[in-house]
Amino acid sequence: MLKDIGSMSEEELKEEMASVGEPAYRAGQIYKWLQSGVKSFDEMTNVSKKLREKLVENYYISFATIEKKLISAYDDTRKYLLSFPDGEAVESVLMKYHHGYTSCISTQVGCKMGCTFCATGKSGFSRNLTPSEMLSQLRAEQEDADIRISNIVLMGMGEPLDNYENVLRFLRLVSSENGMNIGMRHISLSTCGVVPRIYDLAEEKLQLTLSVSLHAPNDRIRSRTMPINRKYGIDELLKACRYYIDHTGRRISFEYAMIDGVNDSDACASELASRLRGMICHVNLIPVNTVGGTGYKKSRMDRIRSFISVLEKAGITATVRRTLGSDINASCGQLKRAYKKEEKTE
């Protein structure tokens, strides 16, 4: 079985080279080529033909191909549909801010979590992404837009903590000095609340930003919209969040999709403030995206303002997420669903 060479660290590559009778310096050469985004071993021009043949026999290179690209006329946000050699496809989004470029990448093909307001879950789950496939999304974006990405958000398709080991390896590779060298403080990881893995992540003390998709102030509403809450209730989730804060010293961002008539009342805001009291946190309010078949509508702006006011009076910092790429449906899952429909009609 061929090994995924792009998911290996430079030290692991040295061990691999030793195993096939090659000197350690070859690992450095190969690693540099992989970081440059090569798609085949034949592109490694300073590596001998004999070694390239060994590489072909023992390893493979993962890469992402751009199948579709949408560019916002409003803010230059780019949304990509990216495919892998096995035919599976994911979405990523490249966003331009005053501080640089941020990429929102996927960690799985589809998602198992089944959140009712999310387009990704409606497509089902196919498989986990490898670390190299996560890296390849960044490389494809950088090459296409001719820019350097400075910030990463793991908030695309999939639940990162459901693909824990691969995500952890990706984080170490992407923050490596000899890799893309994007520091942990420039990386955000979003989870719907896989409680055991929050504890595991806390022990790693990675200094990234943990974003928790809360979206409700109580179990009754959250279990309706997020099936994972039936396994890990809000009290259990927030206990894990407090543990994470205590062990890392990092503030948590709570994501809260504002759904008209479901979770956006002042009573909901008061209950949320009560639950979060005393935590080092921030609440990021997100007007819910319109996804066919859900019946959900985004909250009115006057309702959002009132919600923020209740939180702020209780000492909880809250902001409304800036909407980027609104004209290209930049939230994940929608482009792939449309693409799959096109495939079926061809």
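The values are calculated or read from the model by the stated rules, or taken from the named source; none is laboratory data. What you see is a predicted model, and the numbers here were worked out from it, not measured in a lab. Note: ideal-geometry Cβ built from the backbone for every residue, glycine included; neighbour counts use all protein chains shown.
Computed quantities for the displayed model
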read-out: Selection status of D76, closer than 29 Å to T191 by Cα and without any contact (Cβ under 8 Å) to a residue 12 or more places away in the chain; value: no
read-out: Some residue of segment 232-242 being within 17 Å of L189 (Cα to Cα), surrounded by fewer than 18 Cβ atoms within 10 Å (Cβ to Cβ) and either assigned by TED's automatic domain parsing to the domain that holds I316 or under 22 Å from the mean Cα position of the chain (by Cα) (or both); value: yes
read-out: Search result, residues across segment 109-134 that are farther than 22 Å from Y296 by Cβ and out of contact with any helix residue (DSSP H, G or I) (no Cβ under 7 Å at 6 or more places or on another chain); value: V109, S126, R127, E133
read-out: Residue check for A267: without any contact (Cβ under 8 Å) to a residue 60 or more places away in the chain, among the hydrophobic types (A, V, I, L, M, F, W, C) and not in a loop (DSSP other than H, G, I, E, B); value: yes
read-out: Some residue of segment 278-298 being within 26 Å of the chain's Cα centre (by Cα), assigned to a helix (DSSP H, G or I) and among the charged types (D, E, K, R); value: no
read-out: Strands (runs of 3 or more DSSP E) enclosed by segment 120-202 - at least 2 residues per element that are within 23 Å of N289 (Cα to Cα) and of a type outside the set (S, T, Y); value: 149-154
read-out: Any hit, segment 148-168, residues being among the hydroxyl-bearing types (S, T, Y), under 19 Å from G6 (Cα atoms) and in contact with a Leu (Cβ under 9 Å, 6 or more places away or on another chain); value: yes
read-out: Residues (surrounded by fewer than 18 Cβ atoms within 10 Å (Cβ to Cβ) and either acidic (D, E) or under 25 Å from the mean Cα position of the chain (by Cα) (or both)) located in segment 1-25; value: K3, D4, S9, E11, E12, E15
read-out: Number of positions in segment 299-346 that are modelled with pLDDT under 95, polar (S, T, N, Q) and part of a loop (DSSP other than H, G, I, E, B); value: 4
read-out: Flag if N263 is under 19 Å from the mean Cα position of the chain (by Cα) and polar (S, T, N, Q); value: no
read-out: Failed condition for G278, given (1) surrounded by 14 or more Cβ atoms within 10 Å (Cβ to Cβ); (2) farther than 18 Å from S223 by Cβ; value: (1)
read-out: Single unsatisfied condition, R303 versus (1) within 24 Å of the chain's Cα centre (by Cα); (2) farther than 30 Å from L206 by Cβ; (3) not polar (S, T, N, Q); value: (1)
read-out: Qualifying positions in segment 179-198 - touching a residue at least 60 places away in the same chain (Cβ under 8 Å), within 27 Å of L34 (Cβ to Cβ) and touching a helix residue (DSSP H, G or I) at 6+ places or on another chain (Cβ under 6 Å); value: G179, M180
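Conditions (1) among the small types (G, A, S); (2) buried (at least 22 other Cβ atoms within 10 Å of the Cβ); (3) modelled with pLDDT of 95 or more, marked per residue:
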{"site": "A27", "(1), (2), (3)": "yes, no, yes"}
{"site": "G37", "(1), (2), (3)": "yes, no, no"}
{"site": "S40", "(1), (2), (3)": "yes, no, yes"}
{"site": "P85", "(1), (2), (3)": "no, no, no"}
{"site": "Y101", "(1), (2), (3)": "no, no, yes"}
{"site": "S106", "(1), (2), (3)": "yes, yes, yes"}
{"site": "C118", "(1), (2), (3)": "no, yes, no"}
